[in-house]
Every structure is written in C-alpha cells, then in structure tokens.
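Engineer: I have a structure I would like to understand better, so I am pasting it below and will then ask my questions one at a time.
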Amino acid sequence: MNNAINEWTDKLIPWLTDNGVKIIVIGVVAWLLNIILARIVIRTVRIAVVRDNDMSEEAELKRENTLIRIFNGALRIVIIVLAVMMILQEGGIEIGPMLAGAGIVGLAVGFGGQYLIRDIITGLFIILENQYRIGDVVDIDGTGGTVEDISLRLTRLRDLDGTIHHVPHGDIKRVANLSKNFSRINLDIGVSYSSDIEHVIDIINRTGKELAEDPDYKDFFITPPKFLRVNDFADSAIKVKILADTIPLKQWELTGELRKRLKIAFDREGIEIPFPQMVVHKNDEKK
C-alpha cells in the first residue's frame, strides 16, 4: 500500500510542478485577458457610439451599456472555451478527437442550428439599428415589459407582474418601443353634455400648466398637458383629448397625477364626469 502511495506521489509531484503550473498560468492569463479586453471594449464603445441629434444623454448611455454587455459576453465565452481546451490538453486529454466529434455532432444538428443562426443575425440587426436597449419598455408581438438583458440570441423582458419573458430574436416580428427619445401623455376624458366646453378647456390647460410647473414634476415634462380637440360625442359624454410630451418612462406616473388633479379641479368647478346610465320606465297602469 505504501509503495502504491509513494509511486502515485512520485508521479503527481512532477505533474503538478509542470502541467499544474501551466494550468494555473492559463487560468490567470484567461482571467486577466477577460478584464483587459472588457476595459478595451468599454473604451472603444464609448468612443465609437455617436449620439444622434434627437438622442438624449441617458438614451446614449443605455445604448452604450447594451453594446458593452453583448460584446463582453461574447468575448467571455470565447476566452472560457479556449482556456478550457488548453487546460484539458495540459491534463492529458486529447482535444483533437473531441473537436472531430463536435464537428460530426454539428453536422447532425445543422438543421436545428439554422434557428440559432437566425436568432443571432436578427439580434445583430436589433443592436446595430438601436431598436431598443436595456432599460427600455417595449412591446414585442403583444408581450410587454422592461428590457432586462439582451444577448445575441434572445431578449429578456420583465412585465409589470414581475414575470420574466425570454424572447428569441428570430421569433420577433414587431417591436414597439415605448420609451425611446421621448414619451407622451395621451389621455381621453369625458365631460357632461351640459358642461361649458370653453370652461372645460380652460380648466384642463390651467391644471396641465400647474402640473408641469410643479417642482416635483417639472423636470419630467417636455411640453405641458394641453387640450387638443373634442375627440368624440359618446352616448353619455363629450370625449376630449389631452396631450403632453414627457421624458421616457415617466408618462404613466404623470398621467396618473394629471387624472387626479383633473378630478379635483372638475369637482371644484362643478364639471361632471358622467358614467353610463340606464333609465328604466315602470308601467304603473293597473290591470
């Protein structure tokens, strides 16, 4: 037993001092290379990305961060694969047969691989065309949410319920970006037919101006909320449309605050917000 242990130790120590050191060096070099290339990618992207005239500083930062994450992710995968192959070779495992086997497997699954290639190509166009970025709120073929991550293959969305949706890029047919460059309050509100429409317009514009000048909200507005038009003669109300431009992602918060202030202002001014009613006629005729 002791002879076997001594023999195994005699073989292990030379291997550790030779191949073991090389494996450690490979790991350290891969780690350093990942850090160095990541910094190079960050500086390159910051320099290469040019802001459009209609692109805000925040939008530019989102685009840069998205590109940095994708490029660094791809480089990290390449570095890990190369490091693992070199470590296996130092460990005495022939990687030639493994590569040949991988080639055969690749041919076998080549038909399925076309979907992966489609996802990657579509992802490249999404990134290059700056269709959306990490942090944007988008609607992808009816699935809406905040973009939490983008890779070359898929986009990860989190909806308002907290559910994560993984959307392969090759399956995307239509994308609606709700937070690019600017957003908009688009509010329809109904008032009674007996209301003085000019008075309603004055209250809407005054309330919108007060909200846009409020210190807590003024930095979020591009244009203040204003009456646009009488949008419809509905069954029980006159529908008026109110519009305002806001910075991205603030339209929902500001719309809610505007609704609250309009309700308070309408109650104060005696302007009725009607609701559907049904009139029932009772026949009192005695039989």
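Where a number appears in this text, it was derived from the coordinates with a stated rule and is not lab data. Every value quoted in this text rests on a predicted model; they were computed, and no experiment measured them. In this analysis, Cβ positions are derived from the backbone assuming ideal geometry, glycine residues included, and neighbour counts consider all displayed protein chains.
Engineer: Taking 20 Å as the cut-off for C-alpha to C-alpha distance, list the pairs among Lys209/Lys250; Lys218/Lys250; Lys239/Lys260; Lys180/Lys241; Lys62/Lys250 that go past it.
Structural biologist: Correct reply: Lys180/Lys241.
Engineer: How far, in nm, would the chain grow between Leu33 and Glu94 when pulled straight, counting 0.36 nm per residue and subtracting the alpha carbon separation?
Structural biologist: In short, 19.5 nm is gained.
Engineer: What does the charge count around Ser236 come to, taking other residues whose C-beta lies under 15 Å from its C-beta (Lys +1, Arg +1, Asp -1, Glu -1)?
Structural biologist: -3
Engineer: Once you put a point 7 Å from the Cα of Ile79 and another 7 Å from the Cα of Glu210, both along the Cβ direction, what distance in nm separates them?
Structural biologist: 5.8 nm
Engineer: For the range 137-177, rounded, prolate or oblate, judged on the Cα gyration tensor with a ≥ b ≥ c (square roots of eigenvalues), a/c < 1.5 rounded, else prolate if a/b > b/c?
Structural biologist: Judged from the Cα gyration tensor, the range 137-177 comes out oblate (a/c at least 1.5, b/c at or above a/b).
Engineer: Rank-order 244-252, 256-264, 152-160 by packing density, defined as the average count of other C-beta atoms within 10 Å over each peptide's residues, highest first.
Structural biologist: 244-252, 152-160, 256-264
Engineer: Roughly how many nanometres apart are two label points built 7 Å out from the Cα toward the Cβ at Asn181 and Arg259?
Structural biologist: Placing both labels 7 Å beyond Cα along the Cβ direction yields 2.8 nm.
Engineer: Working out 0.36 nm times the residue gap between Asp245 and Ile40, then minus their Cα-Cα distance, what length gain in nm do you get to one decimal?
Structural biologist: Residue separation times 0.36 nm, minus the Cα-Cα distance, leaves 70.0 nm.
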